[in-house]
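Visitor: Sharing a structure below in structure tokens format, with a few things to ask.
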Amino acid sequence: MKLFKNLLPALGLVFGATLAMAMNFTDNPTERYAQDVDTEVWYDLTDIVPGSSTYNCDINPSITCSHEMPSISANQVESGEFVKKGSLPPAP
């Protein structure tokens, strides 16, 4: 019984950490689109990982990098300036 009593604080900590992780995930839409400001072409960024050969969202909190739909009025997914760095599929 003493062993169980001594383990209660540790079990509470593990339980609390588990709940915090379960409730801390942000909504990540499955579809995301970005518009190249130079060419005004919309690109489908769904399932594309940002990187040196795809695209980046440079830090600029006042600009929307990607949207949930290929429209300026669509909800923002990522903030920053969209920088195309490789071949990307055009939006349908």
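Computed from the coordinates by the stated procedures, all read-outs in this text should not be read as laboratory data. Note that the structure is predicted; figures quoted are calculated from it, not measured.
Visitor: Step by step: find N for the chain, compute 2.2 N^0.38 Å, then divide the Cα radius of gyration by it. What's the final number? Walk me through the numbers before you get to the answer.
Guide: Numbers: Rg = 20.7 Å, N = 92, 2.2 N^0.38 = 12.3 Å.
Compared with the compact-globule rule of thumb, the chain sits at 1.69.
Visitor: Quick one: Kirkwood hydrodynamic radius for the stretch 33-84, alpha-carbon pairs, angstrom, one decimal? Present the calculation step by step, with values, prior to reporting the outcome.
Guide: Working: mean 1/r = 0.0921 Å⁻¹.
About 10.9 Å, per the Kirkwood formula over Cα pairs.
Visitor: Given the DSSP H assignment, sum -39500 (n - 2.57) over each helix run of at least 4 residues in the chain and divide by its residue total; what's the result at 222 nm in deg cm²/dmol, nearest 500?
Guide: Numbers: 1 runs with 21 residues, N = 92.
Calculated mean residue ellipticity at 222 nm is -8000 deg cm²/dmol.
Visitor: Sticking with this structure for a sec: Hey, what did the chain get for relative contact order, percent, Cα under 8 Å, at least 6 apart? Write out the running numbers ahead of the final one.
Guide: Working: 145 pairs, mean separation 24.7, N = 92.
Here the relative contact order equals 27 percent.
Visitor: Could I ask something else about it? What is the set of long-range amide H partners of Gly80 at a cut-off below 5 Å, with H atoms built 1.01 Å from backbone N?
Guide: When sequence neighbours closer than 5 places are left aside, the close amide H contacts are Asn60, Ile63, Thr64, Cys65.
Visitor: Further question on the same structure: For the Cα atoms of the chain, what angle does the longest principal axis make with the long axis of helix 2-22, in degrees from 0 to 90, nearest 10?
Guide: Roughly 10 degrees, rounded to the nearest 10.
Visitor: Can you list the HN-Hα couplings for the stretch 40-45, worked out from phi with the Karplus curve (6.51, -1.76, 1.60; θ = phi - 60°), rounded to whole Hz and with x for Gly and Pro?
Guide: 6, 8, 8, 10, 8, 9
Visitor: Return the long-range amide H neighbours of Tyr55 (sequence gap of 5 or more, or a different chain), with a cut-off of under 5 Å between placed amide H atoms.
Guide: The list, which skips near neighbours in sequence, is Lys85.
Visitor: For the stretch 76-85, just list the computed ³J(HN,Hα) in residue order, Karplus coefficients 6.51, -1.76 and 1.60, θ = phi - 60°, integers in Hz, with x standing in for Gly and Pro.
Guide: Karplus values, whole Hz, x for Gly and Pro: 6, 9, 10, 9, x, 9, 5, 10, 7, 10.
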